[in-house]
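Novice: Submitted below is the structure of interest, expressed as structure tokens.
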Amino acid sequence: MNDMAQRNRELVLHGFAEFAAGNIDILRTLLHEGFVEHSPGNPSGREAFIEFIAQAPVTGSRLVLKRVIADDEYAVVHYHMVPPGDERGVAVVDIWRLENGLITEHWDVLQPVPEPAEIPNGMF
């Protein structure tokens with residue numbers, strides 16, 4: 001892994017750990033002011049996105065990191081999001097595009113975790 005990929009990986013890992021611990025304000029230091037969101041229904045722009053995410057289910061959920069993949073421009077985070085009262089939760093993949101140490105774009109994919117019998121090899 002080259003230096004830029006390592007910096008992107010560390011930035012996203014630090015941000016994930018802070019956010020998972022309840023520090024939503026970490027997003028103000030990670031997101032570019034002109035942040036672009038690609039998920040349907042989620043707003044673009046740093047402040048609009050932070051306001052939105054503060055009310056989203058992810059904020060009150062337990063987040064269990066499974067893997068991170070990073071290169072010079074992107075970091076991909078795969079994790080288990082477990083909202084209160086939902087013991088199976090959701091498998092999530094976030095794709096972040098980074099530029100000059102800031103997150104400039106985001107995509108995500110979510111999949112409810114089914115009953116264990118339906119996934120003999122596990123979700124993670």
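The values are calculated or read from the model by the stated rules, or taken from the named source; none is laboratory data. Remember, predicted model here, so these are calculated numbers, not experimental data. Cβ atoms come from the backbone with ideal geometry, glycine included; neighbour counts cover every protein chain shown. Remember, those area values only see protein heavy atoms, side chains included, never the ligands or the DNA or RNA. Shrake-Rupley method; radii C 1.70, N 1.55, O 1.52, S 1.80 Å.
Novice: Restricting attention to the range 60-83, which residues are modelled with pLDDT of 95 or more and out of contact with any strand residue (DSSP E or B) (no Cβ under 8 Å at 6 or more places or on another chain)?
Specialist: D71, D72
Novice: Next up: Is there a residue being free of Cβ contacts under 8 Å to residues at least 40 places away in the same chain and of a type in the set (V, I, T) anywhere in the range 2-20?
Specialist: No: the range 2-20 contains no residue that is free of Cβ contacts under 8 Å to residues at least 40 places away in the same chain and of a type in the set (V, I, T).
Novice: Something else now. Which one is surrounded by the fewest Cβ atoms within 10 Å (Cβ to Cβ), of the residues in the range 28-51 that are of a type outside the set (G, A, S) and farther than 21 Å from H14 by Cα?
Specialist: Result: P40.
Novice: Which residue is least open to solvent (accessible area, probe 1.4 Å), if the candidates are limited to the range 1-18 and must be of a type in the set (A, V, I, L, M, F, W, C) and within 12 Å of W96 (Cβ to Cβ)?
Specialist: It comes out as V12.
Novice: With the requirement that a residue be acidic (D, E) and open to solvent by 40 Å² or more (accessible area, probe 1.4 Å), what does the range 80-124 give you?
Specialist: Matches in the range 80-124: D86, E87, E99, D108, E115, E118.
Novice: Of all residues in the range 4-38, which are in contact with a His (Cβ under 9 Å, 6 or more places away or on another chain) and either at pLDDT below 95 or farther than 14 Å from E105 by Cβ (or both)?
Specialist: I26
Novice: Does E18 meet the test of being among the acidic types (D, E) and over 12 Å from the mean Cα position of the chain (by Cα)?
Specialist: no
Novice: Moving on. Quick check on the range 52-79: of everything there that is touching a Pro at 6+ places or on another chain (Cβ under 7 Å) and among the small types (G, A, S), which residue is surrounded by the fewest Cβ atoms within 10 Å (Cβ to Cβ)?
Specialist: G60
Novice: Which fully enclosed strands (runs of 3 or more DSSP E) of the range 1-108 have 1 or more residues being among the charged types (D, E, K, R)?
Specialist: Those strands (runs of 3 or more DSSP E) span 31-37, 62-70, 90-99.
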